[in-house]
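The values are calculated or read from the model by the stated rules, or taken from the named source; none is laboratory data. Just so it is clear, the model here is predicted, and its values are computed rather than measured. As a convention, Cβ positions derive from the backbone with ideal geometry for all residues, glycine included, and neighbour counts pool all protein chains shown. Note: accessible area is taken over every heavy atom of the protein model, side chains too, but ligands, DNA and RNA are not part of it. Shrake-Rupley method; radii C 1.70, N 1.55, O 1.52, S 1.80 Å.
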Amino acid sequence: MSRQVLTASSRRLPDVIFRNPMTDAETTALVERARRSMTLVLFAASREIEAVRSSDHRHAEAAASIKRIAATMGMVSDDVLLKLATANQLSERLLALLIATRLLEIGGVLPLYDDAKAFFQPLVERVDQILRRARQHMH
């Protein structure tokens with residue numbers, strides 16, 4: 001009985017056929033969904049650190065709310081995510097700045113947002129305004 005040694009070059013990958021391959025827009029939305037979720041998780045970690053430093057329960061509550069929002073990124077439509085990706089491409093720090101500003105503005109009322117869709121709606125409106133102004137200045 002001989003043993004066959006498999007190397008990386010001798011292994012054959014299975015043939016995979018995708019019936020409905022993802023479009024570029026769907027791929028962009030998927031990546032953007034992951035990025036926004038990770039951004040929110042990082043903001044939540046920051047709030048948890050503040051909760052420990054200050055012993056203020058509101059920071060811990062805000063962290064829990066931000067994590068809940070991050071976990072519901074699937075509720076945000078691809079169209080919204082594509083808008084956010086466009087804003088991100090126009091200005092490298094714009095979206096992170098808008099999210100950080102929004103979190104500071106709402107501070108202790110984060111529990112009012114049950115999901116990412118509700119949280120991002122005011123940001124999308126702001127991005128729409130910015131994009132409209134940018135288009136006006138280009139023409």
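Worth pointing out:
- Applying the criteria of a DSSP loop state and at most 16 other Cβ atoms within 10 Å to the trypsin sites (Lys or Arg not before Pro) of region 47-108 yields ARG93.
- Per-residue 3J(HN,Hα) values for region 117-124, derived from phi via the Karplus relation 6.51 cos²θ - 1.76 cosθ + 1.60 with θ = phi - 60°, read 4, 5, 5, 7, 4, x, 5, 5 Hz in sequence order (x marks Gly and Pro).
- GluC sites (Glu not before Pro) restricted to DSSP loop in region 44-139 with at most 13 other C-beta within 10 Å: GLU92
- The heavy atoms of HIS57 present about 120 square angstrom of accessible area, all protein chains included, probe 1.4 Å.
- For region 36-117, dividing the convex hull volume of the Cα atoms by the residue count gives 81 Å³ per residue.
- Formal net charge of residues neighbouring ILE130 (Cβ-Cβ distance under 15 Å; K, R +1; D, E -1): +4
- Net charge in the neighbourhood of HIS59 (other residues with Cβ under 9 Å of its Cβ; Lys, Arg +1, Asp, Glu -1) is -1.
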